[in-house]
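Undergrad: Pasting in a structure now, in structure tokens, and then I'll have a few things to ask.
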Amino acid sequence: MPDGLVIVGASLAGLRAAQAARREGFSGRITLIGDEPHLPYDRPPLSKAYLAEDGEPDYFVAPEDLDEQDIAIRLSSRATELDPNAREVVLADASRVPFDKLIVATGASPRRLAIASDIDGVVTLRTLDDATRIRSRLREGLDVVVIGAGFIGSEIASSAHVQGANVTILEAAPVPLVRAVGEVVGAAISGLHSRNGVRLVCGARIEAIRGETHVTEVVLADGERIPADLVVVGIGAAPATEWLVSSGIELNPIDGGVVCDEYLESSIPGVFAAGDVTHWPNGLMDVTMRSENWTNAAEQGARAGVNAIVEHKRAAFETVPYFWSDWYRSRIQFVGTASADSVSFASGGPQEDKFVALYRSGDRLVGAATLNEQRKIMKFRRLIQQRGSWDEALALLEQTSSSVLRMHAPEGNRSR
């Protein structure tokens, strides 16, 4: 076994990696490095309950937990370089942390607008400190513009609406969430906004964001001026890998994520990756993918921790992706992939507040999306994991719903 395991990224994936290594009996040094001043905390509530309610952050561990597990943690420590020859991680204060095995779990950083990023009141949400600042500004009657109708943007819009703000969402695409859930389901769940009194503008082109000392309005290319006391930018995130560029590690040419094999090991031997930052071949779904969700971070982190330090227990990481999102007291859930030949509403429909949609590729069930059907989604996840056929999906559907399938043509349903 190696003497020292270093994990860069003190969030969910990094923590689960450290804990898994200890559970497997690893007795060497484990060092967890995080660039924030906080202990590992749960990120999904930041755009949901934390903004909508006067709650506290949900920390995964207390200092005494880490002491008991003999996991050293270095907070407020930003990694700036990986030196593969010296087997060291270089930090912003110029200190160096040696490693025998390394797990990269630095997650993703929010994309920012090219314009008006320095105007007060134009913000992004990624960290606990970001969420705290946004929450301190939210109040009844505030004019809030959310740029981006993806899951984070939609959750922020929902939370601001609960706080009594006047919310407008601006989305550049004609239909939101196409990459995540496909065009048909993306359009269906985006209907929640208007049904709950929030304006969604698709195909929006931003001409300017104005304000002298503080933001006052967003101007669209068609001339519309939207009042804004607060602008929250939620246009996606990119893998946080700038610090790795000089190391020579293989990065995905499109988004910069760490390219790994099925065991989550990178092109540098002994350097693994887990969580939002990781590209890997998911044999269960027959596709190379990168997943930004809670479940993947937890499961992949644990597998990377074992693969890094227990050679005889190395195993390929295979999973059926699963994520959820909460808008306007509704629960959206998705399993599998939206890259499918067709999607069918198995029960409910696109204008309803409860539905099950199934995704088919050839003769295989490859995905399922539900709205307010919490008890059904995991049955389809298990079926996808078993490489279940479409006929088996219909049989399962027969057990859970008597609704008639309303089939949609393949055109426009394939996730881009």
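Undergrad: Considering only strands (runs of 3 or more DSSP E) fully contained in the stretch 199-239, which possess at least 2 residues that are touching a residue at least 60 places away in the same chain (Cβ under 8 Å) and either closer than 24 Å to Thr127 by Cβ or hydrophobic (A, V, I, L, M, F, W, C) (or both)? Show your work before the answer.
TA: Working: elements: 199-202, 206-210, 217-220, 225-227, 230-233, 237-239.
Qualifying strands (runs of 3 or more DSSP E): 206-210, 230-233, 237-239.
Undergrad: Taking the stretch 178-200 only, how many residues are surrounded by fewer than 18 Cβ atoms within 10 Å (Cβ to Cβ) and either touching a His at 6+ places or on another chain (Cβ under 9 Å) or β-branched (Val, Ile, Thr) (or both)? Spell out how you get there, then give the answer.
TA: Filtering the stretch 178-200 for residues surrounded by fewer than 18 Cβ atoms within 10 Å (Cβ to Cβ) gives 179, 191, 194-197, 199.
Among the residues that remain, those that are also either touching a His at 6+ places or on another chain (Cβ under 9 Å) or β-branched (Val, Ile, Thr) (or both) are: 196-197, 199.
Looking only at that region, the number is 3.
Undergrad: Hand me the list of helices (runs of 4 or more DSSP H) wholly inside the stretch 1-79 holding 1 or more residues that are more than 26 Å from Leu264 (Cα to Cα).
TA: Values: elements: 12-23, 49-52, 63-68.
Helices (runs of 4 or more DSSP H) meeting the threshold: 49-52, 63-68.
Undergrad: Here's a follow-up. Tyr322 - would you say it is buried (at least 23 other Cβ atoms within 10 Å of the Cβ), under 16 Å from Ala180 (Cα atoms), of a type in the set (Ser, Thr, Tyr) and touching a residue at least 40 places away in the same chain (Cβ under 8 Å)?
TA: no
Undergrad: Scan the stretch 88-100 and report the pairs whose first residue is under 16 Å from Glu36 (Cα atoms) and whose second residue is assigned to a strand (DSSP E or B) and of a type outside the set (Gly, Ala, Ser), with Cβ atoms within less than 9 Å and a gap of 6+ or a chain change.
TA: Note: pairs meeting the criteria are Leu91/Ile33; Leu91/Arg74; Leu91/Thr80; Leu91/Glu81; Leu91/Val97; Ala92/Thr80.
Undergrad: Listed residues Asp42, Asp93; which is surrounded by fewer than 14 Cβ atoms within 10 Å (Cβ to Cβ) and over 19 Å from Phe272 (Cβ atoms)?
TA: Asp93
Undergrad: Scan Val175, Val167 and give me the residue that is outside any helix (DSSP H, G or I), modelled with pLDDT of 95 or more and surrounded by fewer than 22 Cβ atoms within 10 Å (Cβ to Cβ).
TA: Numbers: Val167 fails: surrounded by fewer than 22 Cβ atoms within 10 Å (Cβ to Cβ).
Step by step, each of Val175, Val167 is checked, and only Val175 is outside any helix (DSSP H, G or I), modelled with pLDDT of 95 or more and surrounded by fewer than 22 Cβ atoms within 10 Å (Cβ to Cβ).
Undergrad: Could you please tell me which pairs satisfy a Cβ distance under 7 Å, a separation of 6+ or placement on different chains, a first residue in the stretch 58-81 that is in the same structural domain as Thr241 (by TED's automatic domain parsing) and free of Cβ contacts under 8 Å to residues at least 40 places away in the same chain, and a second residue that is part of a strand (DSSP E or B) and surrounded by 13 or more Cβ atoms within 10 Å (Cβ to Cβ)?
TA: So the pair list comes out as Asp58/Tyr41; Tyr59/Tyr41; Leu66/Ile73.
Undergrad: Being charged (D, E, K, R), assigned by TED's automatic domain parsing to the domain that holds Glu299 and in contact with a Leu (Cβ under 8 Å, 6 or more places away or on another chain) is the requirement here; does Arg43 meet it? Give the derivation first.
TA: Numbers: charged (D, E, K, R): yes; assigned by TED's automatic domain parsing to the domain that holds Glu299: yes; in contact with a Leu (Cβ under 8 Å, 6 or more places away or on another chain): yes.
For Arg43, the condition - charged (D, E, K, R), assigned by TED's automatic domain parsing to the domain that holds Glu299 and in contact with a Leu (Cβ under 8 Å, 6 or more places away or on another chain) - is met.
Undergrad: Related question: Given the criteria farther than 25 Å from Ser267 by Cβ, in contact with a helix residue (DSSP H, G or I) (Cβ under 6 Å, 6 or more places away or on another chain) and surrounded by 13 or more Cβ atoms within 10 Å (Cβ to Cβ), does Ile103 qualify? Walk me through it before giving the result.
TA: On the way: farther than 25 Å from Ser267 by Cβ: no; in contact with a helix residue (DSSP H, G or I) (Cβ under 6 Å, 6 or more places away or on another chain): yes; surrounded by 13 or more Cβ atoms within 10 Å (Cβ to Cβ): yes.
So Ile103 does not fit the description; no.
Per-residue answers, yes or no, for (1) part of a loop (DSSP other than H, G, I, E, B); (2) more than 17 Å from the chain's Cα centre (by Cα); (3) without any contact (Cβ under 8 Å) to a residue 40 or more places away in the chain; (4) not assigned by TED's automatic domain parsing to the domain that holds Gly25:
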{"position": "Val245", "(1), (2), (3), (4)": "no, yes, yes, no"}
{"position": "Pro253", "(1), (2), (3), (4)": "yes, yes, yes, no"}
{"position": "Tyr263", "(1), (2), (3), (4)": "yes, yes, no, no"}
{"position": "Asp276", "(1), (2), (3), (4)": "yes, no, no, no"}
{"position": "Thr295", "(1), (2), (3), (4)": "no, no, yes, no"}
{"position": "Arg303", "(1), (2), (3), (4)": "no, yes, no, no"}
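Undergrad: Okay, next question. Between Asn307, Asn296, which is closer than 27 Å to Ala340 by Cβ, buried (at least 23 other Cβ atoms within 10 Å of the Cβ) and out of contact with any Asp or Glu (no Cβ under 6 Å at 6 or more places or on another chain)?
TA: Working: Asn307 fails: closer than 27 Å to Ala340 by Cβ.
Going through Asn307, Asn296 in turn, just one is closer than 27 Å to Ala340 by Cβ, buried (at least 23 other Cβ atoms within 10 Å of the Cβ) and out of contact with any Asp or Glu (no Cβ under 6 Å at 6 or more places or on another chain): Asn296.
Undergrad: Restricting the search to the stretch 114-146, which residues are part of a loop (DSSP other than H, G, I, E, B) and surrounded by fewer than 16 Cβ atoms within 10 Å (Cβ to Cβ)? If you could, list the steps in order and put the result at the bottom.
TA: Step one: filter the stretch 114-146 for residues part of a loop (DSSP other than H, G, I, E, B), giving 114-121, 125-127, 138-142.
Selection gives Ala114, Ile115, Ser117, Asp118, Asp120, Arg139, Glu140, Gly141.
Undergrad: Sticking with this one: Is one or more of the residues making up the stretch 44-58 farther than 30 Å from Arg137 by Cα and touching a strand residue (DSSP E or B) at 6+ places or on another chain (Cβ under 8 Å)?
TA: Of all residues in the stretch 44-58, those farther than 30 Å from Arg137 by Cα come to none.
No: zero hits.
Undergrad: Of the residues that make up the stretch 221-239, is at least one among the acidic types (Asp, Glu) and in contact with a helix residue (DSSP H, G or I) (Cβ under 9 Å, 6 or more places away or on another chain)? Give the derivation first.
TA: The initial filter retains those residues of the stretch 221-239 that are among the acidic types (Asp, Glu), namely 222, 224, 229.
Subsequent filtering for residues that are in contact with a helix residue (DSSP H, G or I) (Cβ under 9 Å, 6 or more places away or on another chain) retains 229.
Scanning the stretch 221-239 turns up at least one residue that is among the acidic types (Asp, Glu) and in contact with a helix residue (DSSP H, G or I) (Cβ under 9 Å, 6 or more places away or on another chain).
Undergrad: Further, regarding this structure: Evaluate the following for Val167: is it in contact with a Gly (Cβ under 6 Å, 6 or more places away or on another chain), among the β-branched types (Val, Ile, Thr), within 24 Å of Asp222 (Cβ to Cβ) and free of Cβ contacts under 8 Å to residues at least 40 places away in the same chain? First the steps, then the outcome.
TA: Numbers: in contact with a Gly (Cβ under 6 Å, 6 or more places away or on another chain): no; among the β-branched types (Val, Ile, Thr): yes; within 24 Å of Asp222 (Cβ to Cβ): yes; free of Cβ contacts under 8 Å to residues at least 40 places away in the same chain: yes.
Taking the combined requirement at face value, the residue does not satisfy it.
The values are calculated or read from the model by the stated rules, or taken from the named source; none is laboratory data. Values in this document were obtained by computation on a predicted structure and should not be read as measured data. Positions of Cβ are backbone-derived with ideal geometry, glycine not excepted, and every protein chain shown enters the neighbour counts.
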